[in-house]
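**Q** Supplied in structure tokens, the structure appears directly below.
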Amino acid sequence: MKKADVATRKAFSQRMLEYGEMDKHFVVFEADIGYSTYSYLFGEKYPERYFNMGIAESNTMGAAAGMAADGRTVIACSYGVFITMRAIETVRTFICYPNLNVKFLSSHGGITAAIDGVTHQATEDIAFMTTLPNMKVLVPADTIAAKKCFDLAIKTSGPVFIRLMRDPLFDVYDPDEEFLLGGSKILEKGNDITIVSYGDIIFQALESSAMLKKEGISAEIIDMYSVKPFDYQTLINSISKTGALLVVENHQKRNGLGYELSNFCLKNYPVLFDNMGLDDTFAESGKYDLVIEKYGISANHIAKKAMEIINKRK
Amino acid sequence: MLTTSKTLDERAKNLKTIAREVRLNIIDMIYTAQSGHPGGALSAADIVTALYFDIMKFDPKNLKWPDRDRFILSKGHACPVWYACLAMKGAFPMKELKTLRQLNSILQGHPDKLKTPGVDMTTGSLGQGLSIGVGMALEGKLEKKNYHVFIVLGDGELNEGMIWEAAASAHKYHLDNLIAIVDRNHLQMDGFTEEVMPMEPINKKFQAFNWEVITIDGHNMKEILLALEKALTIKKRPICIIANTVKGKCVDFMENIREWHGLAPNEEQYKKAVECIRKGEQE
């Protein structure tokens with residue numbers, strides 16, 4: 001794990017720029033945060049394929065739908081809070097319902113926009129987007145994954161939501177890693193408990209694993225970067241070995257991946273289970289490390305919760 | 001255009017006959033379904049008839065023709081008028097009209113792009129069709145196509161803020177291939193438009209957004225044709241045609257009555273409505 005040079009939002013847009021050279025067909029819609037999503041990089045090189053619709057997310061998504069109506073691929077850029085709440089009805093009825101090729105560059109996912117405060121922290125986005133029929137949801141953890149997820153999104157038919165982060169964190173993947181729809185990555189092998197996460201919190205999970213090792217516990221860490229559809233085969237293989245599952249996410253506890261996986265396990269493979277996330281609360285402004293610590297999704301909270309689950313078994 | 005050799009009078013007369021048939025189909029569909037929105041379908045009938053049977057480039061045998069004109073019924077609840085025109089043009093069999101709003105039908109309660117042949121875009125949630133039209137018009141410009149995008153807007157849905165977001169963006173991109181027609185029937189679900197939410201002056205609002213505005217009688221076929229033909233010649237600006245209409249037009253007991261926004265006629269009312277529309281034929 002090494003410090004990342006750029007945030008996933010920038011890595012994604014850098015790939016969009018590169019990809020634009022090979023694939024002349026797709027266009028980009030922006031809603032006046034091009035200098036934040038870094039979509040301006042594409043706009044500078046391909047002004048005829050770049051449409052800045054101003055601070056009007058609903059119209060941005062509606063026009064994206066109109067442009068995609070005859071099959072064109074559109075990348076629609078904004079922050080998670082605006083795509084998944086301000087414009088959600090347009091996304092649902094005019095993009096998901098007709099199953100159009102619109103890919104959402106959604107920045108400031110979870111409380112990775114910690115310093116900006118609650119208005120800019122998309123902590124319900126996964127709940128909203130995974131609930132929409134036809135929508136697929138990807139959350140790359142690092143810059144390599146972000147670039148691969150761009151390619152994956154553009155090759156996947158129908159709407160795809162890609163949750164990205166505001167700030168640079170760490171890089172874990174090699175440039176030749178493969179990412180698939182419905183795939184996941186086992187970042188650490190273990191036998192005592194399975195810890196599933198996605199996006200930024202995967203780094204906290206890895207850190208918690210080091211803490212757990214000192215207590216003699218080996219955790220299996222899975223990066224469930226494809227949140228919808230998710231990799232149930234890897235999940236079953238892992239929990240059938242460990243018999244315990246902890247899901248941690250930078251999202252509300254309610255209706256996130258934790259709820260999805262608990263439902264899956266209850267129906268198919270019941271194991272010891274718990275999930276972590278925002279506990280029916282809004283967060284607040286502050287430095288990222290301090291905010292995730294206060295709201296209970298940092299490495300030491302994860303390690304503590306994992307111990308609790310394992311102790312239930314004794 | 002199909003009819004350049006005919007005079008304006010001949011075209012208008014022919015379209016009026018077709019519009020009566022469209023209205024009969026609307027009433028028949030909603031009566032058969034015992035559900036639907038007759039008022040706004042009847043008010044838009046002359047406009048949609050003129051588009052499909054005279055103005056628009058449309059080939060029922062090649063519905064995905066890349067050069068076809070696009071049509072968006074932003075006031076999606078009025079879809080019986082659209083379905084009637086599509087069926088009468090041959091996009092799908094007439095007998096499908098009897099299945100409106102029923103399980104497994106290709107004719108959903110509000111238009112569905114994936115289910116109905118000839119429907120270019122799903123609509124039904126008000127206030128969003130103009131944004132869709134902006135996207136389609138941008139696509140036409142990018143692909144250097146000559147098609148136009150025609151959108152029928154309800155006057156009630158002008159309440160929605162998204163309409164005005166779309167209006168601004170249509171000006172930004174000088175979308176002269178975008179023609180919005182406001183079905184100005186003065187009624188929305190809860191009452192008269194100017195009582196529920198006053199939007200007048202509508203013409204000045206669009207003009208302030210740098211649109212070209214043309215105001216017409218939306219039941220006068222000659223005025224409709226002339227306005228649409230003028231709209232096709234305008235350069236560098238999006239066009240708004242404000243068509244003054246009567247909600248429930250041609251069915252006397254439905255005209256200007258709020259309740260007929262979303263009500264199906266019973267048997268007696270159905271017979272009376274058919275009689276009303278047919279009576280217009282003899283006039």
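The values are calculated or read from the model by the stated rules, or taken from the named source; none is laboratory data. As the structure is a computational prediction, the values presented were derived from the model and not from experiment. All Cβ positions, glycine included, derive from the backbone under ideal geometry; neighbour counts span all protein chains shown.
**Q** When you check residue A:67 against the structure, is it within 20 Å of the chain's Cα centre (by Cα) and either crowded, with 24+ Cβ neighbours inside 10 Å or not in a loop (DSSP other than H, G, I, E, B) (or both), yes or no?
**A** Values: within 20 Å of the chain's Cα centre (by Cα): no; either crowded, with 24+ Cβ neighbours inside 10 Å or not in a loop (DSSP other than H, G, I, E, B) (or both): yes.
No; evaluated as a whole, the condition is false for this residue.
**Q** Can you pull out every residue in region B:181-235 that is closer than 22 Å to residue B:137 by Cβ, in contact with a Ser or Thr (Cβ under 8 Å, 6 or more places away or on another chain) and among the polar types (S, T, N, Q)?
**A** Answer for region B:181-235, where residues must be closer than 22 Å to residue B:137 by Cβ, in contact with a Ser or Thr (Cβ under 8 Å, 6 or more places away or on another chain) and among the polar types (S, T, N, Q): just B:203.
**Q** All but one of (1) within 27 Å of residue B:110 (Cα to Cα); (2) at the interface with chain B (Cβ under 8 Å from one of its Cβ atoms); (3) surrounded by 24 or more Cβ atoms within 10 Å (Cβ to Cβ) hold for residue A:53; state the number of the condition that does not hold.
**A** Every listed condition holds for residue A:53 apart from (1).
**Q** Restricting attention to helices (runs of 4 or more DSSP H) lying wholly within region B:1-92, give those where 2 or more residues are surrounded by fewer than 23 Cβ atoms within 10 Å (Cβ to Cβ). Quick ask: steps written out before the conclusion?
**A** Values: elements: B:8-33, B:38-50, B:79-89.
Counting at least 2 such residues, we get B:8-33, B:79-89.
**Q** Sticking with this structure for a sec: So the check is Cβ under 6 Å with 6+ separation or different chains; which pairs have a first residue in region B:196-214 that's of a type outside the set (Ser, Thr, Tyr) and a second one that's part of a loop (DSSP other than H, G, I, E, B)?
**A** Final answer for the pair search is B:196/B:190; B:211/B:238; B:212/B:234; B:212/B:237.
**Q** Here is a check on your reading of the model: is residue A:30 farther than 21 Å from residue B:177 by Cα and modelled with pLDDT of 95 or more?
**A** On the way: farther than 21 Å from residue B:177 by Cα: yes; modelled with pLDDT of 95 or more: yes.
Judged against the criteria, residue A:30 is a match.
**Q** Of all residues in region B:113-129, which are among the aliphatic types (A, V, I, L, M), more than 8 Å from chain A (Cβ to nearest Cβ) and surrounded by 24 or more Cβ atoms within 10 Å (Cβ to Cβ)? Steps first, please.
**A** Narrowing region B:113-129 to residues among the aliphatic types (A, V, I, L, M): B:114, B:119, B:121, B:126.
Adding the requirement that they be more than 8 Å from chain A (Cβ to nearest Cβ) leaves B:119, B:126.
If the condition is that a residue be among the aliphatic types (A, V, I, L, M), more than 8 Å from chain A (Cβ to nearest Cβ) and surrounded by 24 or more Cβ atoms within 10 Å (Cβ to Cβ), then B:119 is the only one that fits.
**Q** Using the structure shown, decide if residue A:59 is within 11 Å of another protein chain (Cβ to nearest Cβ) and on the phi > 0 side of the Ramachandran plot.
**A** Numbers: within 11 Å of another protein chain (Cβ to nearest Cβ): yes; on the phi > 0 side of the Ramachandran plot: no.
Judged against the criteria, residue A:59 is not a match.
**Q** Within region B:200-221, how many residues are surrounded by fewer than 16 Cβ atoms within 10 Å (Cβ to Cβ) and either touching a Lys or Arg at 6+ places or on another chain (Cβ under 9 Å) or under 17 Å from residue B:175 (Cα atoms) (or both)?
**A** The number of residues fulfilling the criteria is 3.
**Q** Any residue at all in region B:6-17 that is charged (D, E, K, R) and within 18 Å of residue B:118 (Cα to Cα)? Break it down into steps so the answer makes sense when it comes.
**A** We begin by selecting, within region B:6-17, every residue charged (D, E, K, R); these are B:6, B:9-11, B:13, B:16.
Cutting the leftovers down to within 18 Å of residue B:118 (Cα to Cα) gives us none.
No, the conditions are met nowhere in region B:6-17.
**Q** From the residues in region A:181-232 that are among the aromatic types (Phe, Trp, Tyr) and touching a strand residue (DSSP E or B) at 6+ places or on another chain (Cβ under 7 Å), which one is surrounded by the most Cβ atoms within 10 Å (Cβ to Cβ)? Before the answer, list the steps.
**A** We begin by selecting, within region A:181-232, every residue among the aromatic types (Phe, Trp, Tyr); these are A:198, A:203, A:225, A:230, A:232.
Still in the running and touching a strand residue (DSSP E or B) at 6+ places or on another chain (Cβ under 7 Å): A:198, A:203, A:225.
Details: A:198: 32, A:203: 21, A:225: 29.
Filtering first and then ranking leaves A:198.
**Q** Does residue B:153 satisfy the criteria of being within 23 Å of residue B:229 (Cβ to Cβ), more than 9 Å from every other protein chain (Cβ to nearest Cβ) and at pLDDT 95 or above?
**A** Details: within 23 Å of residue B:229 (Cβ to Cβ): yes; more than 9 Å from every other protein chain (Cβ to nearest Cβ): yes; at pLDDT 95 or above: yes.
In short, yes.
**Q** Then there is this: What do you reckon, is residue B:97 within 24 Å of residue B:200 (Cα to Cα), of a type outside the set (S, T, N, Q) and surrounded by fewer than 24 Cβ atoms within 10 Å (Cβ to Cβ)?
**A** Working: within 24 Å of residue B:200 (Cα to Cα): no; of a type outside the set (S, T, N, Q): yes; surrounded by fewer than 24 Cβ atoms within 10 Å (Cβ to Cβ): yes.
No: the conditions fail for residue B:97.
**Q** Is there a residue in region A:76-99 that is touching a Leu at 6+ places or on another chain (Cβ under 6 Å) and in a strand (DSSP E or B)?
**A** Taking every residue of region A:76-99 in turn, at least one turns out to be touching a Leu at 6+ places or on another chain (Cβ under 6 Å) and in a strand (DSSP E or B).
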